[in-house]
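The values are calculated or read from the model by the stated rules, or taken from the named source; none is laboratory data. Here the structure is a predicted model, which is why all the values come from computation and not from measurement. Because the Cβ atoms are built from the backbone with ideal geometry, glycine has one as well, and the counts that use them run over all protein chains shown.
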Amino acid sequence: MTAIKVSRTKELIVFSGRAHPELATEIAGQLGVALAPTHVVDFANGEIYVRFEESVRGSDAFVIQSHTTPINTWIMEQLIMVDALKRASASRITVVTPFYGYARQDKKHRGREPISARLMADLFQTAGADRLIAVDLHTGQIQGFFNGPVDHLSALPLLSKYVGSRMDSSQLTIVSPDAGRVRVADQWTDRLGVPLAIIHKRRDHHVAHQVKVHEVVGDVSGRVCVLVDDMIDTAGTITVAAQALFENGAADVIVAATHPVLSGDAVDRLKNSQISEVIVTNTLSIPQERRFDKLTVLSIAPLIARAIREVFDDGSVTSLFEDKG
């Protein structure tokens, strides 16, 4: 008796948590698919219940969730979704985190501290994730925390293209707000062909309470300075750096960052500063009441959709960044 071979074509299915459904819907639209119907309920005590309303057996599943406020809720929801997919026999599960929570806790600064970014990777792997897609992780070493493929996407081409198309490059200077961001700022200078400056923070030991002094390393006088960073959280570092640039003769300051966390008084700080424009992506949802006139939001959805398509087709995600133009 001859065995009958059944040919099964894998199916791309995209799922969204509740943190930022607008971005997930846009990503699905770019892929030409609809988001998979998902039933999610919060129990009275805060527990989350998830059930997928169609079969996922044998599918290539992509679970999109940006870790925005309340961050612990959305991380837990994504973990539960991954667990449900594993138990429903999805063939491969890719966690898509446009903003990866706890990324700043990537090492121990002092004794008795956690490395929470590593714990995050362990949680997703234990839940059943096979692969991770993230945008502009706070530090590249986080890729090594996950024991599987990690596709680390960069918003730099998107942000730099916007800046380059609207500014005279002969007047531009890229500025790193601190020493830790120099490598990213250097990539901006390579792409736009403009000079680099750095904000160096030191403590003035001649003043009580060790006041921080921000020294500008590089020529910014008369220049349009572009302060670049991976995220804007409270906007304290960015606005103080911008003030230092103006004090050193900068003609204008604009800010470009991937993740608009915008915690606490960030919006008021930015609105009341001399910064003329704040350019971010939509990796995180920005409520209407936290939007302001200086804010420009670029969509990261096409980049994430292309990465998902390359993963699904067993192509090259690296190829998305090979074009330097």
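Looking across region 288-325 at every residue that is at pLDDT 95 or above and assigned to a loop (DSSP other than H, G, I, E, B), the one that is surrounded by the most Cβ atoms within 10 Å (Cβ to Cβ) is identified as ILE300. SER319 meets the stated requirement of being over 23 Å from PRO21 (Cα atoms) and among the hydroxyl-bearing types (Ser, Thr, Tyr). Scanning region 139-164 for residues that are small (Gly, Ala, Ser) and either farther than 17 Å from PRO195 by Cα or touching a Phe, Trp or Tyr at 6+ places or on another chain (Cβ under 7 Å) (or both) yields GLY140, GLY144, GLY148, SER154, ALA155, SER160.
Number of residues in region 48-81 that are free of Cβ contacts under 8 Å to residues at least 12 places away in the same chain and more than 27 Å from the chain's Cα centre (by Cα): the value is 0. Counting only strands (runs of 3 or more DSSP E) that fall entirely inside region 184-253 and contain at least 1 residues that are assigned by TED's automatic domain parsing to the domain that holds LEU172 and at pLDDT below 95, the qualifying elements are 196-204, 211-217. Among residues of region 272-289 that are under 25 Å from GLY249 (Cα atoms), those with a Cβ under 7 angstrom from a residue that is assigned to a loop (DSSP other than H, G, I, E, B) and modelled with pLDDT of 95 or more, sequence gap 6+ or separate chain, pair up as ILE275/LYS294; SER276/LYS294; GLU277/LYS294; VAL278/LYS294.
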